[in-house]
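A.B. asks: Quick one: the structure is below, and I'll ask about it shortly.
A short reminder: the numbers here are calculations on the coordinates, not readings from a lab. Owing to the predicted nature of the structure, the values given are computational and were not obtained by experimental measurement. Don't worry about glycine lacking a Cβ; one is built from the backbone with ideal geometry, like all the others, and counts go over all protein chains shown.
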Amino acid sequence: MEPGKWSEVEALQNYESLLSVLETGLINARKANNLHDAKGFLIDVQSHFKGLKLRREDREELYVRLQAAFTDLNKKIEEERLDFEYEALSNYADLKPAVAEAQTQATTSDDLKVTWELLLGLQNRIRNAKLLREHRDECYAGIQDAFEIVKMRRDEERKAFEQEAQLNYVRLKSMVEKGLLQAEETHEYKETREFLKKIQSEFKGIKMLHEQREELYSRLQTAFDILAKRLDDFFRNKKKNWEVKMQFTLSRFEADIFELRTSLEKDQNYLKELEDQLDIIVSAGKEKNALTGIQARISSTLKSIEHKRRLIITLENEKLELQNRLEHPDY
């Protein structure tokens, strides 16, 4: 075969091969999931032109089609970019004042728990919003400043709480020790019982660390127990003065009910914390194990709350029955 003829045959084969590549590339570009993937298909087609022997008119025909596809795609990419920038700027215009307001609340709010939840919600909005990089970084920096302010204020509140709790502990400890001494030594049983009840009332609403509260309340219960034993001995020796003993039993009911209500309140607070954690885990889409663990603790706490409520009702009924017997001993 003559050289000129051979080159023309080769050029025709190259044209048919490149046409197939072009057609496939254009189809793939149209079906691509996003515009940048589509551009990748066109660039791949473009690479097939390099060094390929083609007739001039064939090369121009295929190249014009490829360039037309590039032009159309670049226009769409530019439109997409402009749409993204418009939405991003609109989101930034909404989020910037929201971040500023969050910073103000972090500084001034009296309810830091609500503020913390607000910051978490705003953080999610920033994470999910379309934003320019510099605007996203700015919003994240602002929300992080607000988080740090809340953390600092929490630390300050905790320190203030611990200081007040220590003062309350020292004061109440002195009263409990005095009550314990009276329970061990005095023969003024009624007055001692009233004093122990007065100490018991001091526990209500007082700021104190959990372990300090448990320590003092345990010692107060010990004082009640000691006084109860001494009263039992006294009643046995004095042929059991029924009314005084029932008054003491009534006090024990009140002590038990108070302790149960205190424990119930702690369970309810703990349940609220667990439910808050569950909301955060569900919102963050964390792993199933974390969700299952929180749900198990919630279930266990609910059972504990129900048990204590039933026990309180039972003790309240027994207390009411005893009060009626004391008020109407001959009934």
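A.B. asks: Sorted from fewest to most neighbouring beta carbons within 10 Å, what does the list Tyr217, Tyr86 look like?
C.D. replies: Details: Tyr217 20, Tyr86 11.
By the 10 Å Cβ count, ascending: Tyr86, Tyr217.
A.B. asks: Under 19 Å from a label point 7 Å along Cα→Cβ of Asn324: give me every residue in region 244-265 with its amide N that close.
C.D. replies: 246-247, 249-251, 253-254
A.B. asks: Related question: Just to be sure I understand the model, the point goes 7 Å from the Cα along the line to the Cβ. What's the resulting Lys50 to Glu194 distance in nm?
C.D. replies: Result for the modelled spin labels: 10.3 nm.
A.B. asks: While we're looking at this one, here's another question. Roughly how many debye, to the nearest 20, is the charge dipole of the chain about its Cα centre, given +1 on each Lys and Arg Cβ, -1 on each Asp and Glu Cβ, and no other charges?
C.D. replies: Working: 56 positive and 63 negative charges, 261 e Å.
With only Lys, Arg, Asp and Glu charged at Cβ, the dipole is about 1260 debye.
A.B. asks: Further question on the same structure: What angle, in degrees between 0 and 90 and rounded to the nearest 10, separates the Cα long axis of helix 189-202 from the longest principal axis of the Cα atoms of the chain?
C.D. replies: Taking the Cα atoms of the chain, the angle to 189-202 is about 20 degrees.
A.B. asks: For the pairs Lys198/Lys266; Lys113/Lys204; Lys151/Lys197; Lys159/Lys303; Lys204/Lys229, note any where the Cα-Cα span goes beyond 32 Å. If you can, show how the numbers build up before the last one.
C.D. replies: Details: Lys198/Lys266 22 Å; Lys113/Lys204 23 Å; Lys151/Lys197 39 Å; Lys159/Lys303 34 Å; Lys204/Lys229 26 Å.
Among Lys198/Lys266; Lys113/Lys204; Lys151/Lys197; Lys159/Lys303; Lys204/Lys229, the Cα-Cα distance tops 32 Å for Lys151/Lys197; Lys159/Lys303.
A.B. asks: Net charge near Glu57, counting Lys/Arg +1 and Asp/Glu -1 over other residues with Cβ under 15 Å of its Cβ?
C.D. replies: Values: positive: Lys53, Arg55, Arg56, Arg59, Arg65; negative: Glu8, Glu16, Asp58, Glu60, Glu61.
Once all neighbours under 15 Å are counted, the net charge is 0.
A.B. asks: Net charge within 13 Å of Lys39 by Cβ-Cβ distance, Lys/Arg positive one each and Asp/Glu negative one each, not counting Lys39 itself?
C.D. replies: Working: positive: Arg30, Lys75, Lys76, Arg81; negative: Asp37, Asp44, Asp72, Glu78, Glu80.
Taking every other residue near Lys39 into account, the sum is -1.
A.B. asks: By how many nm would the segment from Arg297 to Glu117 grow when fully extended, if each residue of separation counts as 0.36 nm and the alpha-carbon distance is taken off? Kindly include the intermediate steps, with their values, before the conclusion.
C.D. replies: Working: separation 180, 0.36 × 180 = 64.80 nm, distance 2.15 nm.
Here the answer is 62.6 nm.
A.B. asks: Follow-up. Treating only the Cα positions of the chain as identical point scatterers, give the base-10 log of I(q)/I(0) from the Debye formula at each q in 0.10, 0.12, 0.13 Å⁻¹.
C.D. replies: For the requested q values the scattering log ratios are -0.87, -1.02, -1.09.
A.B. asks: I've got another one for you. Can you sort Asp137, Asp267 so the residue with the fewest Cβ neighbours within 10 Å comes first?
C.D. replies: Numbers: Asp137 11, Asp267 20.
Neighbour counts put them in this order, fewest first: Asp137, Asp267.
A.B. asks: In whole Å, what is the distance between the alpha-carbon centres of region 243-268 and region 44-83?
C.D. replies: 86 Å
A.B. asks: Also: Which value does Rg/Rh take for region 3-82 over its C-alpha atoms, Rh per Kirkwood? Provide the component values of the computation, followed by the final result.
C.D. replies: Details: Rg = 14.4 Å, Rh = 13.4 Å.
Result for region 3-82 is an Rg/Rh of 1.08.
A.B. asks: Note down the net charge around Leu19, summing +1 for each Lys or Arg and -1 for each Asp or Glu among other residues with Cβ under 10 Å from its Cβ.
C.D. replies: Numbers: positive: Arg65; negative: Glu16, Glu23, Asp58, Glu61.
Counting the neighbours of Leu19, the net charge comes to -3.
A.B. asks: If one takes the longest principal axis of the Cα atoms in the chain, at what angle in degrees, from 0 to 90 and to the nearest 10, does the Cα axis of helix 112-128 lie?
C.D. replies: Once rounded, one gets 10 degrees.
A.B. asks: Ranking Lys31, Lys151, Lys130 by Cβ neighbours within 10 Å, fewest first, what do you get? Don't jump to the answer; show the numbers that get you there.
C.D. replies: Details: Lys31 10, Lys151 13, Lys130 16.
Fewest to most other Cβ atoms nearby, the residues stand as Lys31, Lys151, Lys130.
A.B. asks: Roughly how tilted is helix 288-327, in degrees to the nearest 10 and between 0 and 90, from the longest Cα axis of the chain?
C.D. replies: With rounding to tens, the tilt is 20 degrees.
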